[in-house]
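The values are calculated or read from the model by the stated rules, or taken from the named source; none is laboratory data. Worth saying up front: this structure is predicted, and the values here are computed from it rather than measured. Ideal geometry is used to build each Cβ from the backbone, glycine not excepted, and the neighbour counts take in all protein chains shown.
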Amino acid sequence: MFAGSNMARLSYGEVGVEVNRGKIRLRLPRYLMDKGVERYIYTGMDDSRDNKFKAETLALSMTEDLRTGCFDLSLTRYKNALNPRIFLNKNISSALDLRQLWTDYALSRKRQVAGTTYKMEYETKFPNHIKQLPTFHPEDAIAHRDYLIENLSLGQARRVITQLSACCDWAMEEGMIHRNPYKGMAEKIKAKIRIPGEEDSEIDPFSDAERIGIEKAFEFHEEHNHFYPFIRFLNLTGCRPSEAIGLKKEDILRGFTQIIFRRSYSTRVGIEKDTKNHGSRRFQVNQSLKELLTDIVPLRASDDYVIFKAKKGGYIRQNQFVQRVWKGYHPEGNPHGRHYIGITESLLSQGIMERYRPPYNLRHTAITRMVEEGVSLNHIAYAMGNSAAVIEKYYMGRIMKFTSPLD
């Protein structure tokens, strides 16, 4: 039945044998799905000659049952023939495990999403949510929904259910299930899904006094002055922190005339990836930026030399940088834990900074300054790896001042 490929060619009313990810499965005729029968029987057997023979023998017997009208629509007889201990009195639906289903779905998505997205979302975030569910059967979708709503924010619950629904849509296409029990469920959860940048308060640039205060605080700090070039670079370029962290010598043209932003570095999963808009862009170096680069880039460094390093070498880890350097960290309930006094914490206490904002707001500050200086929106958009429409929507309104004509 195997004719030089993993899948036998099926005719109407035949049961086929195929290999999927190294495991043998039986493929039933599509019309049986209308009778509530699953498309596949998963044997759990590895792809070997003996196992193929066993599966082909059973497939021939099932095909004969179809032709004689003796086919067992519950599939119990055939599953018991494969492994009575596993399949006794169970149908394929009850044997499905949502955890394994998600693993298979995630693998199908691996080449379609960014590496960091796969590691953070498909391998970590959503599997962790699934592991906390009260059951692991897809047909318990309502119980899953109720549990997620009770234990997560509405937005989080909606996102998890959306992903579970996508997983089941895929499983239906693969013939593993005949319906998606999560279909339409996420849309009924009334939650405001936050779109990054949509909130006006997120675009909150530092004032000139705050920006200069931050630079000086780093430059003259006894412990954290190592990060001064990093902060200065963010202020001068407006690039994303992850892009600065991933910058290498090969990205700086000879003579320090241009910088090519073509990668970023995710410290959460420890891998390089492309930029947020999946492209590269050139940034023209001015005199201030050239002086900075001249001071920090060794002339004889190799092309893969990382420009901005952590204090002990290697890539800067953003979460540690924020907690221990930028913001500060005070472990609650642990008087013996180490307390980190952050740069911004000191600036706030001195009245130099008005309110706390994360390092990413240095980018908002740089863009705002460019808009205020009259740089064209198209030039800003290209330099920042953004669109002119986004620059106009989120930044122009912050500098446009007018006197109301109403009286």
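Which is closer than 30 Å to Phe126 by Cβ, out of contact with any strand residue (DSSP E or B) (no Cβ under 7 Å at 6 or more places or on another chain), at pLDDT 85 or above and of a type in the set (Asp, Glu), of Asp104, Asp50, Asp65?
Result: Asp104 is the single residue among Asp104, Asp50, Asp65 that is closer than 30 Å to Phe126 by Cβ, out of contact with any strand residue (DSSP E or B) (no Cβ under 7 Å at 6 or more places or on another chain), at pLDDT 85 or above and of a type in the set (Asp, Glu).
Of everything in the range 138-165, what is within 20 Å of Met33 (Cα to Cα) and out of contact with any Leu (no Cβ under 9 Å at 6 or more places or on another chain)? Give them in sequence order. Lay out the reasoning, then the answer.
Step one: of the range 138-165, the residues within 20 Å of Met33 (Cα to Cα) are 138-139, 165.
Within the range 138-165, Ser165 is the sole residue that qualifies.
Please find, within the range 18-40, the residue that is farthest from Glu174 (Cα to Cα) out of those that are among the hydrophobic types (A, V, I, L, M, F, W, C), at pLDDT 75 or above and surrounded by 19 or more Cβ atoms within 10 Å (Cβ to Cβ).
Checked the range 18-40; the qualifying residue farthest from Glu174 (Cα to Cα) is Ile24.
So which residues in the range 111-154 are hydrophobic (A, V, I, L, M, F, W, C), in contact (Cβ under 8 Å) with a residue 12 or more places away in the chain and more than 21 Å from Ile177 (Cα to Cα)?
Correct list: Ala114, Met120, Leu148, Ile149, Leu152, Leu154.
Return the residue satisfying two criteria in turn: it lies in the range 41-75 and is in contact with a helix residue (DSSP H, G or I) (Cβ under 7 Å, 6 or more places away or on another chain) and assigned to a helix (DSSP H, G or I), and of such residues it is surrounded by the fewest Cβ atoms within 10 Å (Cβ to Cβ).
Leu58
It is to be established whether one or more residues within the range 213-229 are surrounded by 17 or more Cβ atoms within 10 Å (Cβ to Cβ), in the same structural domain as Ile343 (by TED's automatic domain parsing) and under 23 Å from Ala381 (Cβ atoms).
No, because not a single residue in the range 213-229 is surrounded by 17 or more Cβ atoms within 10 Å (Cβ to Cβ), in the same structural domain as Ile343 (by TED's automatic domain parsing) and under 23 Å from Ala381 (Cβ atoms).
Is it the case, given these coordinates, that Tyr395 is assigned to a helix (DSSP H, G or I), in the same structural domain as Lys276 (by TED's automatic domain parsing) and either modelled with pLDDT of 90 or more or surrounded by 14 or more Cβ atoms within 10 Å (Cβ to Cβ) (or both)?
It is true that Tyr395 is assigned to a helix (DSSP H, G or I), in the same structural domain as Lys276 (by TED's automatic domain parsing) and either modelled with pLDDT of 90 or more or surrounded by 14 or more Cβ atoms within 10 Å (Cβ to Cβ) (or both).
So which of Lys183, Lys216 ends up being assigned to a helix (DSSP H, G or I), modelled with pLDDT of 85 or more, over 22 Å from the mean Cα position of the chain (by Cα) and basic (Lys, Arg)?
Criteria check complete, one pass: Lys216.
Looking at this structure, is Ile352 in the same structural domain as Glu250 (by TED's automatic domain parsing), part of a helix (DSSP H, G or I) and either surrounded by 15 or more Cβ atoms within 10 Å (Cβ to Cβ) or modelled with pLDDT of 95 or more (or both)?
Details: in the same structural domain as Glu250 (by TED's automatic domain parsing): yes; part of a helix (DSSP H, G or I): no; either surrounded by 15 or more Cβ atoms within 10 Å (Cβ to Cβ) or modelled with pLDDT of 95 or more (or both): yes.
So Ile352 fails the test.
Only one residue in Thr116, Thr124 is surrounded by fewer than 16 Cβ atoms within 10 Å (Cβ to Cβ) and either in contact with a strand residue (DSSP E or B) (Cβ under 8 Å, 6 or more places away or on another chain) or not small (Gly, Ala, Ser) (or both). Which one?
Result: Thr124 is the single residue among Thr116, Thr124 that is surrounded by fewer than 16 Cβ atoms within 10 Å (Cβ to Cβ) and either in contact with a strand residue (DSSP E or B) (Cβ under 8 Å, 6 or more places away or on another chain) or not small (Gly, Ala, Ser) (or both).
Pick out the one residue from Gln287, Gln323 that is surrounded by 14 or more Cβ atoms within 10 Å (Cβ to Cβ), free of Cβ contacts under 8 Å to residues at least 24 places away in the same chain and farther than 14 Å from Tyr265 by Cβ. Write out each step before concluding.
Working: Gln287 fails: surrounded by 14 or more Cβ atoms within 10 Å (Cβ to Cβ).
One residue alone meets the criteria, Gln323.
From Glu243, Glu223, which residue is within 29 Å of the chain's Cα centre (by Cα) and on the phi < 0 side of the Ramachandran plot?
On the way: Glu223 fails: within 29 Å of the chain's Cα centre (by Cα).
Testing whether each residue is within 29 Å of the chain's Cα centre (by Cα) and on the phi < 0 side of the Ramachandran plot leaves just Glu243.
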